[in-house]
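These notes are about the structure you will find just below.
Only the coordinates and a few stated rules stand behind these numbers; no lab work does. In this text the structure is predicted, and so the values were computed from the model without any measurement. Quick reminder, even Gly has a Cβ in these numbers, built from the backbone with ideal geometry, and neighbours come from all protein chains shown.
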Amino acid sequence: MGTVRLAATLMIFFVAATSASSAAASSLGSYKLRIVAVGDIACPPGAAVTATTCQQAATYSLAASLKPDHVLVLGDTQYNSGTLADYQAAYATTWGKLKSKTFPVPGNHEYDTAGAAGYFDYFGSAAGGRTQGWHSSTFSGWRVIGLNSNCASIGGCQTGSAQEKWLRSKLYTYRSKKCTIALWHHPRFSSGQHGDNPEMADLWKTLQDYDAEIVLSGHDHGYERFLPMNSDGTGGGSKAIASWVVGGGGKSLYPIAHSRPNSTGYSLSFGVLRLNLYSKGYTWRYYPTSGGSTDNGTAYCR
């Protein structure tokens with residue numbers, strides 16, 4: 001059954017977690033590390049902090065308190081246009097304190113500066129190639145894939161594009177790794193005001209071909225979790241991928257605008273997603289800055 005409660009002035013709705021949430025952590029194998037993920041973060045320098053805007057200091061403090069081993073930032077890290085000066089004056093004073101642990105992907109606001117130059121200058125080699133923005137790493141046996149969903153700026157995201165060919169090659173190289181996280185900015189599925197992004201369907205399908213477990217995105221400013229979905233929007237099946245929209249990093253909040261199948265709920269709150277990674281699976285928990293924790297559960301790698 002769903003529950004409804006208020007967090008400050010913001011309504012939160014969730015249905016029960018469905019991915020084996022009662023499983024003992026020991027069944028997930030050995031503990032590996034902790035990840036914090038969020039996007040849509042820092043207001044421009046000097047912007048006023050209110051209860052509903054510019055809460056990047058609060059989300060940073062929450063993230064730091066969770067003591068992550070790695071931080072996944074899901075795009076639109078610095079508003080409004082991601083200039084290097086703005087990064088240095090705003091983002092750097094909060095989330096920038098976790099920069100050494102950060103694995104980023106670019107959002108659309110980064111490209112409001114030509115070539116996302118401020119983003120690439122600020123994050124350096126951690127952001128991938130300057131004309132690409134896609135990159136990968138391994139975290140204690142997990143493969144982590146950062147993709148660029150600004151498709152028009154990088155030659156497309158369709159099957160056969162440079163990014164899709166790179167992704168397929170990288171997943172093949174990492175095929176011995178048991179568990180996979182992918183992240184990009186514009187969500188394939190979302191109930192927020194921006195809605196679904198069909199341009200990412202082919203990359204989603206490629207991830208399914210190699211049994212990815214998790215896709216993380218931002219862009220819509222709130223929190224939402226989807227049950228495992230296929231690239232065409234259908235749910236279920238052995239290849240379907242669980243996904244999260246985590247866009248409450250500080251800038252502002254967006255209302256629910258659409259009704260999407262397989263959405264397990266939407267939190268209109270600032271906050272971060274915590275993932276604890278194990279050798280056979282993972283646990284998740286969403287933490288709003290208003291306190292406590294909400295959506296949580298457990299799932300296994302394929």
Quick calc, the chain, dipole around Cα centre from Cβ unit charges on Lys, Arg (+) and Asp, Glu (-), nearest 20 debye, gives 1080 debye
Heads up, segment 95-176 by the C-alpha gyration tensor (a ≥ b ≥ c square roots of eigenvalues; a/c under 1.5 rounded, else a/b over b/c prolate, else oblate) looks oblate
The relative contact order of the chain, taking Cα pairs under 8 Å that sit 6 or more residues apart, comes to a percentage of 24 percent
Summing -39500 (n - 2.57) over every DSSP H run of at least 4 in the chain, dividing by its residue total and rounding to the nearest 500, the 222 nm mean residue ellipticity is -4000 deg cm²/dmol
Given Cβ charges of +1 for Lys and Arg and -1 for Asp and Glu, the option among Gly247, His194, Tyr287 whose Cα lies farthest towards the positive end of the dipole of segment 151-302 is Tyr287
In whole Å, largest first, the alpha carbons of the chain cover along the principal axes 48, 45, 36
Cβ density ranking, 10 Å radius, fewest first, applied to Leu183, Leu253 yields Leu253, Leu183
Once phi for every residue in segment 212-226 is put through the Karplus expression 6.51 cos²θ - 1.76 cosθ + 1.60 (θ = phi - 60°), the whole-Hz ³J(HN,Hα) values, with Gly and Pro written as x, are 5, 9, 9, 10, 10, 9, x, 6, 8, 8, x, 10, 8, 10, 10
Excluding residues fewer than 8 positions from Lys280 in its own chain, the lysines with Cα under 16 Å of it are Lys32, Lys177, Lys178
Any lysines whose Cα falls less than 18 Å from that of Lys165, other than same-chain ones fewer than 8 residues away, would be Lys205
In the chain, taking the dipole from +1 charges on Lys and Arg beta carbons and -1 charges on Asp and Glu beta carbons about the Cα centre, the listed residue (Ala127, Ser149, Phe139) farthest towards the positive end is Phe139
quick note, the chain, DSSP beta bridge pairs, % antiparallel (nearest 5) is 65 percent
